[in-house]
1. I need the full set of residues from the range 68-94 which are modelled with pLDDT of 90 or more, more than 17 Å from Asn32 (Cα to Cα) and either surrounded by 22 or more Cβ atoms within 10 Å (Cβ to Cβ) or not polar (S, T, N, Q) (or both), in order please.
2. Starting from the range 37-48, take each residue that is closer than 14 Å to Asp72 by Cβ and assigned to a loop (DSSP other than H, G, I, E, B) and list its partners that are among the polar types (S, T, N, Q) and modelled with pLDDT of 95 or more, counting only C-beta distances under 9 angstrom and pairs at least six apart or across chains.
3. Go through (1) closer than 23 Å to Pro42 by Cβ; (2) among the polar types (S, T, N, Q); (3) at pLDDT 90 or above one by one and return the number of the condition Asn56 breaks.
4. Can you tell me which residue in the range 51-70 is farthest from Ile101 (Cα to Cα), limited to those that are assigned to a helix (DSSP H, G or I) and β-branched (Val, Ile, Thr)?
5. Which of (1) in a loop (DSSP other than H, G, I, E, B); (2) aliphatic (A, V, I, L, M); (3) touching a Ser or Thr at 6+ places or on another chain (Cβ under 8 Å) is the odd one out, the single condition Ile84 does not satisfy?
6. Restricting to the range 53-63, give me the number of residues that are farther than 12 Å from Ala83 by Cβ and surrounded by 18 or more Cβ atoms within 10 Å (Cβ to Cβ).
7. Select from the range 95-109 the residues that are over 14 Å from Val62 (Cα atoms) and at pLDDT below 80 and list them in ascending order.
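The values are calculated or read from the model by the stated rules, or taken from the named source; none is laboratory data. Not measured: the values here are computed from a predicted model. Cβ: placed from backbone, ideal geometry, glycine included. Neighbour counts: every protein chain shown.
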Amino acid sequence: MNARRTSHKLVWSRMAYQGLMRTEKESLIDGNVYQPSGNTEPDYIAAIAQYVAAGNSLCVTVGFLMGSATMDAAANNPSINFAIMDMFWDGPAYPANLRGIHFSMDQAA
């Protein structure tokens, strides 16, 4: 897939998935993918809830559209660490167990 010919969302999703596969291959983590059933806020909430119910300790979401669902899940699940690609919040207005990860577009290519 040519990153320059895909949408911004697909680039970050692909990169996050490749990172997951690499860390699994290097035996750094045992990862799972929870794919939302659609592109709405309830779909995102359901996918994150499935992740939380499975007892995972780190949840990485991708894309600013998942920002609210990720923020709410982190606030309601303080024992689980959360990170979101392509999103960050200014200031300390987010839970301590949540980190936003944002890169320049030239770092994505």
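1. Ala69, Met71, Asp72, Ala73, Ala74, Ala75, Pro78
2. Final answer for the pair search is none.
3. Failed condition: (3).
4. Val52
5. Every condition holds for Ile84 apart from (1).
6. Selection size over the range 53-63: 1.
7. Passing the criteria: Ser104, Met105, Asp106, Gln107, Ala109.
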